[in-house]
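Below is one structure, written out as structure tokens; the observations come after it.
The values are calculated or read from the model by the stated rules, or taken from the named source; none is laboratory data. All figures in this text were calculated on a predicted structure; none of them were measured in a lab. These accessible areas exclude ligands, DNA and RNA; they are computed on the full protein's heavy atoms, side chains included. Shrake-Rupley method; radii C 1.70, N 1.55, O 1.52, S 1.80 Å.
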Amino acid sequence: MDYLPRVELQKLQLRRLRDMVQRAWERVPLFRARLEERGLGPECIQSLEDLAKLPFSVKSDLRDHYPFGLFASPMREIVRLHASSGTTGKPIVVAYTQADVEVWSSVMARCFAAYGLFTGGLGAHYGVERLGATVIPTSGGNTDRQIMVICDFCVTAICCTPSYFLHLVDRAEQLGVDLRKAPIRAGVFGAEPWTEGMRRHIEEAAGIKAFDIYGLSEIIGPGVGIECVHQDGLHIFEDHFYPEIIDPETEQPLPDGVEGELVLTTLSKQAMPMIRYRTRDISAVMSGVCRCGRTLRRIRRIGRRSDDMLIIRGVNVFPSQIEAALLQVEGTLPHYQIVLTREHGLDRMEVQVEVTAGMFSDTVGAMESFQRKLADIMERALQIRVQITLVEPHTLQRSEGKARRILDRRVGVPSKPDLGLLGSRSS
Ligand SMILES: [Zn+2]
């Protein structure tokens with residue numbers, strides 16, 4: 001499937017798209033109502049371009065139609081439910097039939113074949129087994145034991161969030177274990193945005209190749225796309241997931257190469273089909289064929305989400321810009337925390353960053369000038385002055401799942417801009 005001629009792939013996509021829209025129209029009252037509102041029916045899909053006529057789906061649809069409203073299969077055919085830990089109100093629950101689980105396994109197997117590994121538990125588990133490799137399922141935490149298992153069982157690849165892997169590398173160093181000498185040679189990291197600077201740090205510190213994987217539970221879970229060995233964009237498994245990039249303001253589809261919001265349509269999902277799901281992730285479709293020969297289109301790595309944006313004194317700031325700026329500078333470590341406060345009505349942003357032991361033991365003068373240098377680089381990148389605080393290695397709280405890098409202590413200020421349709425990622 002990864003190497004199918006585009007014409008063949010498009011034929012398959014259109015057949016699946018028509019079946020999926022038919023299924024959603026027959027079985028999901030919400031989708032039917034939205035199509036009928038626009039005077040549309042399943043027969044309106046005559047080509048792949050017709051997808052753009054269909055209405056979008058958003059995260060709040062899942063909450064509003066909890067528990068069974070979006071299910072397109074009866075419970076007797078549903079073999080699995082996954083629920084996200086909702087912070088407020090009802091959780092986001094997604095459903096899978098046996099065939100959906102098969103699809104998830106197969107896309108995860110294709111991920112690992114493209115090389116790699118990640119999180120999201122069961123999909124990864126099945127994918128590894130399907131490929132004929134051995135899987136050691138562990139959850140986050142218990143890091144000392146994980147390091148022991150990696151060494152004792154000659155683990156060659158790992159799947160987790162990039163921030164948890166950083167923590168693991170750190171801890172290994174404290175225990176006197178050099179991961180660069182261990183058999184581990186690849187990592188598949190996802191579920192949070194991470195930068196190229198972070199990738200370089202991880203690859204050097206652990207002596208591995210680090211691959212980016214993408215997915216979200218509303219679509220299937222991890223395994224919607226992954227980087228191949230060339231690490232140049234993520235191939236989307238287009239025989240199951242149809243990507244579009246739209247302008248989030250005008251909601252119009254954008255041409256290849258132009259950055260916008262990623263919108264995904266499931267082509268084969270049975271239990272919970274999704275039509276034009278707004279991911280809030282910012283990316284672009286990359287044109288041109290990848291050197292690996294896969295015909296699947298690629299999307300640019302996702303560095304930010306439209307709802308990640310912080311507004312500091314009226315300036316839009318994305319946490320990924322801060323990470324990218326910090327990691328340009330020799331002497332910083334990829335452990336940082338952003339603290340927002342408000343003094344006399346003015347927003348203040350402090351970035352606490354760990355520096356190497358050598359840097360920290362340097363003279364006060366050297367540290368002050370380093371601090372100034374970081375503040376200058378940050379100002380150029382963000383257009384606002386930021387207070388930099390250098391801290392010793394291993395000072396900041398480590399993440400055992402997704403990193404929580406922002407502490408918003410501003411009172412009465414929404415931490416995120418009101419885009420109307422906010423929600424946090426649950427994959
Ligand atoms: Zn490729």
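Roughly how many percent of the accessible protein surface of the chain is carbon and sulfur, given a 1.4 Å probe and a whole-percent answer?
Using a 1.4 Å probe with all protein chains present, the chain comes out at 51 percent carbon and sulfur.
Calculate how steeply helix 6-27 sits against the longest principal axis of the alpha-carbon atoms of the chain, using the helix alpha-carbon long axis, and give the answer as 0 to 90 degrees to the nearest 10.
70
Under the Karplus relation 6.51 cos²θ - 1.76 cosθ + 1.60, θ = phi - 60°, what is the ordered set of whole-Hz ³J(HN,Hα) values for region 323-338, x standing for Gly and Pro?
Karplus-based 3J(HN,Hα) across region 323-338 equals 4, 4, 5, 4, 7, 6, 9, 4, x, 8, 10, x, 10, 8, 9, 10 Hz.
So how tilted is helix 162-174 from the main axis of the chain? Cα-based, degrees 0 to 90, rounded to 10.
The helix 162-174 is inclined about 40 degrees to the chain.
Give a residue-ordered list of calculated ³J(HN,Hα) values for region 124-133 (Karplus: 6.51 cos²θ - 1.76 cosθ + 1.60, θ = phi - 60°; whole Hz; x for Gly, Pro).
Whole-Hz 3J(HN,Hα) from phi for region 124-133: 5, 4, 5, x, 5, 5, 4, 7, x, 8.
Given a 1.4 angstrom probe, what's the average accessible area per residue across the chain, in square angstrom?
Per-residue value: 45 Å².
Per DSSP H run of at least 4 residues, take -39500 (n - 2.57); add these up for the chain, divide by its residues and hand me the 222 nm value, nearest 500 deg cm²/dmol.
-9500 deg cm²/dmol
So what is Rg over Rh here for region 1-48, counting just Cα atoms and using Kirkwood for Rh?
Checking Rg against Rh, the ratio lands at 1.10.
Using the Karplus equation 6.51 cos²θ - 1.76 cosθ + 1.60 (θ = phi - 60°), what ³J(HN,Hα) coupling, rounded to whole Hz, does each residue of region 206-215 give in order, writing x for Gly and Pro?
Karplus-based 3J(HN,Hα) across region 206-215 equals 10, x, 10, 9, 10, 10, 9, 10, 10, x Hz.
Just tell me which lysines come within less than 19 Å, Cα to Cα, of Lys209; anything on the same chain fewer than 8 places away is out.
Partners found: Lys181.
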